[in-house]
1. In nanometres, what is the gap between the two model label sites at residue 142 and residue 29, each 7 Å from Cα along Cα-to-Cβ?
2. Subtracting the Cα-Cα distance from 0.36 nm times the residue separation, let me have the gained length for residue 71 to residue 115 in nm, one decimal.
């Protein structure tokens, strides 16, 4: 009886209930949803980024074409790039008068913004009177960017009057 004094003494052992795995499943489901969300976010961004880049590229290309037409003296081509609303606001003769003798030499665009079907391109241009801030407003119509407003600063023929039209 030296070490077996507990023999014969009834000992109650608690019943073991099966462990619930409910908490484990909740964690697994939450993790799966998070992983799926990340995958969808990355896939959405991969699909959206090229669209935004194409829109910015299109707006920038149209802004450059407009500025080249003005620089090259092709005022009719520049006028044709205006939206119908802009052409209603400034007639061809007024546009021609405003743009003739602008003396646009060079420009750089460093600001681009696209929101819905509205675009903004801004930067600086070199005129005979100096370097000026410039801005172009654009609208996307039937897949084509059109100039809906412009501000080419105040250096027309040495700063006589600003060259701008903003709707």
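1. Between residue 142 and residue 29, the label points sit 5.3 nm apart.
2. Between residue 71 and residue 115, full extension yields an extra 13.0 nm.
Each reported figure results from applying straightforward, stated rules to the coordinates on display, with no laboratory input. From a predicted model like this one, the values you see are computed outputs, not experimental measurements. We place every Cβ from the backbone using ideal geometry, glycine too, and count neighbours over all the protein chains shown.
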